[in-house]
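The values are calculated or read from the model by the stated rules, or taken from the named source; none is laboratory data. None of these values were measured; they are calculated from a predicted model. When we count neighbours, we look across all protein chains shown, and the Cβ atoms used for this are built from the backbone with ideal geometry, even at glycine. Please note that ligands, DNA and RNA were not included when accessible areas were found on the heavy atoms of the full protein model with its side chains. Shrake-Rupley method; radii C 1.70, N 1.55, O 1.52, S 1.80 Å.
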Amino acid sequence: MMQISYQTQRLSMRFFMLMATLFVVQVGFGLLLGLQQADPTVLAGTLNFNVVRAEHLSLGIFWILSGFIGAILFVGPLLSKRELAAPWLIKFLFYALIVTIVWNMATQSLAMKGIAGWWEGQPWLQQGLEYLEAGRAAQVVILIGFSILAGVVLRTFPPRKEWNEIHWGLAIGVVALTAVWLFGMFYVSRLDLQEYFRWFVVHYWVEGVWEVIHISLIGFLLVLLFKVDVKSVGYAVFWGVALVWLSGLLGNAHHYFWIGTPEFWQFWGSLLSAMEPLPLVFCFWHIYLDAHQNRRPLENAPAFYFILGSVVLEQVGAGILGFSMTFALTNAWSHGTWITPAHAHLALFGTFGMLGIGAAYYAVPAMREAANFDQRIGRLAFWMVMIGVLGMALSFALGGTVQIYVYRTLGLHWFGGDLFPAMGVYRLLVAVFGFLLAVGAGLIAFDLATIGKRTRSVMANHRAPRAASGWGRPLSGFEAGIWLTAMWVFGGIVTLSLLSYNLPRVRVDGDPTLPYLLAGIGYPGLLLVTVLFVWRFLASMEARTATAPAVMPAAAVAVAG
Amino acid sequence: MSCLDEKNCPEVRRRRLALVMFGLMMLVFIVLSGFSFLSSRGQVTPDQVSFGANQATAGKRVFQAYNCMDCHTLVGNGAYLAPDLTKEYQDAGPAWLAAFLPSAGGWPTEAALRTQLLNKEVAADAGVDSLDAYYRKYPGAKDRVDRRGGKTTFMPNLPFHGNEVGELIAYLKYTSEMDTEGWPPKVMTGTLDHRLALLHGTPLVVAAPVAPAAAANVADTHDLAEHGEAVAKDFGCLACHAVDGKPLVGPDWGHLYGAQVKLTDGSSVAADDAYLTESILKPNAKIVAGYTPGVMPQQYDQLLKPDDVKAIVAYIRSLEKR
């Protein structure tokens, strides 16, 4: 479907453009963080690391949300078979979002002067909490924005009796988005209680809300891309969401191991969050089934590339790397080290960022009626951000492995003297791979802004067809299962690496050979298998164009119901 | 949904079961959460902890206002650029923190630590009566002074004002007293020398502490101002007093000598030898407008010899010409 059915779908365009712009700015701040990690004196006193990181995290949330809003506005009318309710509210939401983002970017730098804007016991300008850096004033506006989104989505949807699982998923998603945000909006003077509620927002947003929106959107995009049966996707959406909530609700306990809450959380957190990968395996399996159900050729390659990237990196970053550090016995070592950002970059950018970009690649050409848009830049940019973010994760993970040994096993906390030199090469590698990601981000922003506008070569998409043999032969379910198993085997080695810090040989004798060896096999192996699998999957999809005759784009697709 | 007929509908039953399970999970979560914050658990709260007159509750607001968490970690959460601060107080103690925080760009020397210990409030909080006892109680302080004293850090100087330093110390005292279920894991790899040898291969030669400059014979020093600079560095004066026009915790020393200084009571005074000497020995006698009394340690009359004071004044006088 390379055209839109409802005029109000066009409202999603501005949010996708905002997403791409913020993505570039956010990655720019990320590069600066990388430079400051390599040399902490860069811009010290002018733009301190903590301010840059606050901008990096806030913008990361803002652009992912922009992508979500864009995707929801684009599919909303299709799901409801009518125009969006109250489009003027959406326009208001857009400008309010921009003002809030600019305001928040400005107020974060007040941390260098120690100004939080205390009034009535609340920090109104910035509150200095990781992920929740925005001050109360911005948070109130964001709450209003979420309410507008939820209101518009619910008013656009058909009567409840006609809802399928995708409607339910998105409706619950936008309402919960608003509700969970409330838990970050009050000042708590106890550190343990403050961290308890901070994870309500961070964990339940990601695990309870974003994941639900993610599953619903992926499901519907697959319906649009491959004309998959809505009922089969609905089944996957219901059980995906159910498994996410059943494992994620108590899985939040893995954030309550060391913050001053009782020991019993270690039992519940280790047990339940070990099941958190289940819905991800489930989602992973369904994208395989749905993409391979009817062997349709790949009409819009970049859109599918990023959707596949989203599901695979969710599996690797959130699923496998998350699993490795979710047990009290491994988390005691990984907690508060670079092991965490290895997981976080794949899980946040990979899962949610790539979904927004994938949705944009589907929606933007449709809105510009550019059915034969040049897909080369999108393909190239995908591989740049994919290799970039995987490389960053690898650098963080290996740097973190050294960090655990020096910092926790040897207790040498002098960052400048002992830790930084020991982690040296990895601190540099983060910036190198970050640069690759940044170039990819720039390409994506350029491509999305100019799709259907730039003069393109007519032959652009008529490259030599890939042979349906070797890497391009059809991917069987059995083979996909082997790839998934290989990822988990390397994930198991990673977990053992973290576990081995408990051995007396490491902990008392101070011999790091075993954790280093296991990490040296586990992380590169995991990330290499990931790249190869994505390559294999996409090659088999690309080969379809060669074998199957090109199908004329259908005018519109009958969905929902 | 896979329904064979109205009565035999396994999918509907399965979905209902999932909802019931979810309800059960929520119940477990609520019960566990309730137990987590019962006062009978004995977990320390910030309203129970203070450092002198400073409350840990106030310190938490300072900690957030400067967004410490986006460089450091606390209970392991935050950024990973700078050390975890959860047990920093327990490790380095209040005197080291009081010497370090006002000018975090430099590592405190032993003299700076000794100065802080003469402060009755700090000594009472540390619970020791001598530097040796302090080092025994807070081994991290000795490591820091021996290995880094006088060097520069990667932390930027932060414009702390009023009682913010004391409040932060109170907050870190609170986090140190928290029961974090044994995290961070106890270090079991032996002495510092052994651990350094494990990392660097060969034992590092630990630099001997710099001999206090104050002990040097002033008569032999040709340049009194040069000696004054050494004393000022050693006693940590320059941690709070800038010489380049960028005020830190205390007033700037650059171009101070001979200038008219405005005081909090509205009057002004010429910064001559007498005024500077008085301000070193009795810091609360005259407070410069915009600064808080009681922030500067008041023990320099016991620590510094009259010649040292003269040397510092000569150093400040020399800054006038720069």
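How much FRET efficiency would the formula 1/(1 + (r/R0)^6) give for A:Ala86 and B:Glu11, where r is the Cβ-Cβ distance and R0 is 41 Å, rounded to 0.05? It would help to have the intermediate numbers written out before the result.
Working: r = 36 Å, r/R0 = 0.88.
After rounding to 0.05, the efficiency reads 0.70.
If I take all pairs of Cα atoms in chain B, what percentage of them are more than 26 Å from each other?
Working: 29449 of 51681 pairs.
Taking all Cα-Cα pairs of chain B, the fraction more than 26 Å apart is 57 percent.
So how much accessible surface do A and B hide from each other in total, probe 1.4 Å, in square angstrom to the nearest 100?
On the way: alone 22040 and 19070 Å², together 34030 Å².
Summing both sides, the interface buries roughly 7100 Å².
Cut-off under 16 Å on the C-alpha distance; same-chain residues fewer than 8 positions from A:Lys91 excluded. Which aspartates and glutamates are left, in chain and number order?
Output for A:Lys91: A:Glu83.
Using a 1.4 Å probe on the heavy atoms of the protein chains only, list every residue of segment B:124-168 that has 50 Å² or more less accessible area in the complete assembly than in its chain alone.
B:Arg147, B:Arg148, B:Phe154
Across peptide A:190-199, what mean number of C-beta atoms from other chains lies inside 10 Å of a residue's C-beta? Write down the numbers at each step before the final one.
Working: counts 10, 16, 11, 4, 2, 4, 3, 0, 1, 1.
That works out to 5 on average.
Ordered by residue, what ³J(HN,Hα) values in Hz, to whole numbers, does segment B:121-128 give under the Karplus form 6.51 cos²θ - 1.76 cosθ + 1.60, where θ = phi - 60° and Gly and Pro are x?
4, 5, 4, 5, 5, 6, x, 9
List the relative contact order of segment B:1-146 as a percent without decimals, with contacts defined as Cα pairs under 8 Å and 6+ residues apart.
So the answer I get is 13 percent.
Give me the percent of accessible area attributable to carbon and sulfur for chain A, probe 1.4 angstrom.
Numbers: 13280 of 18620 Å².
It is 71 percent, rounded to a whole number.
Lys/Arg Cβ at +1, Asp/Glu Cβ at -1, dipole of chain A taken about the Cα centre: which of A:Phe282, A:Ala445, A:Leu32 is farthest positive-ward?
A:Ala445
Under a 1.4 Å probe, what is the accessible area of the protein assembly as shown per residue, stated in Å²? Before the final figure, lay out the partial values.
On the way: 34030 Å² over 883 residues.
Here the residues of the protein assembly as shown average 39 Å² of exposed surface.
Cross-link candidates for B:Lys142: which aspartates and glutamates have Cα within less than 14 Å, leaving aside residues fewer than 8 places away along the same chain?
Filter leaves B:Glu88, B:Asp91, B:Glu110, B:Asp132, B:Asp193.
Can you give the charge dipole size of chain A about its Cα centre, rounded to the nearest 20 debye, using +1 on the beta carbon of Lys and Arg and -1 on the beta carbon of Asp and Glu?
Details: 32 positive and 26 negative charges, 304 e Å.
Dipole of chain A, to the nearest 20 debye: 1460 debye.
Take the residue pairs A:Lys113/B:Lys137; B:Lys60/B:Lys137; B:Lys233/B:Lys282; B:Lys233/B:Lys286; B:Lys233/B:Lys305; B:Lys173/B:Lys262 and return only those whose Cα atoms are more than 27 Å apart. Walk me through the numbers on the way to the answer.
Numbers: A:Lys113/B:Lys137 34 Å; B:Lys60/B:Lys137 25 Å; B:Lys233/B:Lys282 19 Å; B:Lys233/B:Lys286 23 Å; B:Lys233/B:Lys305 15 Å; B:Lys173/B:Lys262 36 Å.
Among A:Lys113/B:Lys137; B:Lys60/B:Lys137; B:Lys233/B:Lys282; B:Lys233/B:Lys286; B:Lys233/B:Lys305; B:Lys173/B:Lys262, the Cα-Cα distance tops 27 Å for A:Lys113/B:Lys137; B:Lys173/B:Lys262.
Just the accessible area for B:Glu229, please: 1.4 Å probe, Å², rounded to the nearest 10?
50
Given a 10 angstrom Cα cut-off, can you work out which residue in B:Ala123, B:Ala311, B:Ala270 is the most mobile in a GNM of chain B?
B:Ala270
May I ask for the Kirkwood hydrodynamic radius of segment A:1-162, worked out over all distinct Cα pairs and given in angstroms to one decimal? Show your work: numbers first, answer last.
Working: mean 1/r = 0.0579 Å⁻¹.
Taking the inverse mean of 1/r over all distinct Cα pairs, segment A:1-162 comes out at 17.3 Å.
So how exposed is A:Ile4, as accessible area in Å² (1.4 Å probe, rounded to 10)?
20
What distance in nm separates the two pseudo spin-label positions at B:Gln298 and A:Phe186, each 7 Å out from Cα along the beta-carbon direction?
4.2
I need two numbers for the protein assembly as shown: Rg to one decimal and Dmax as a whole number, Cα atoms only, in Å.
Answer for the protein assembly as shown, Rg first and Dmax second: 30.2, 107 Å.
Would you list which lysines come within 26 Å of A:Lys161, measuring only between C-alpha atoms, while excluding same-chain residues fewer than 8 positions from it?
Output for A:Lys161: A:Lys81, A:Lys227, A:Lys231, B:Lys7.
Beyond 16 Å, what share of the Cα-Cα pairs of segment B:213-321 is found? Please give it as a whole percent. Don't skip to the end; give the middle numbers.
Details: 3330 of 5886 pairs.
Taking all Cα-Cα pairs of segment B:213-321, the fraction more than 16 Å apart is 57 percent.
Among A:Gln7, A:His343, A:Trp124, which residue has its Cα positioned farthest towards the positive end of the charge dipole of chain A, with +1 placed on the Cβ of Lys and Arg, -1 on the Cβ of Asp and Glu, and the dipole taken about the Cα centre?
A:Gln7
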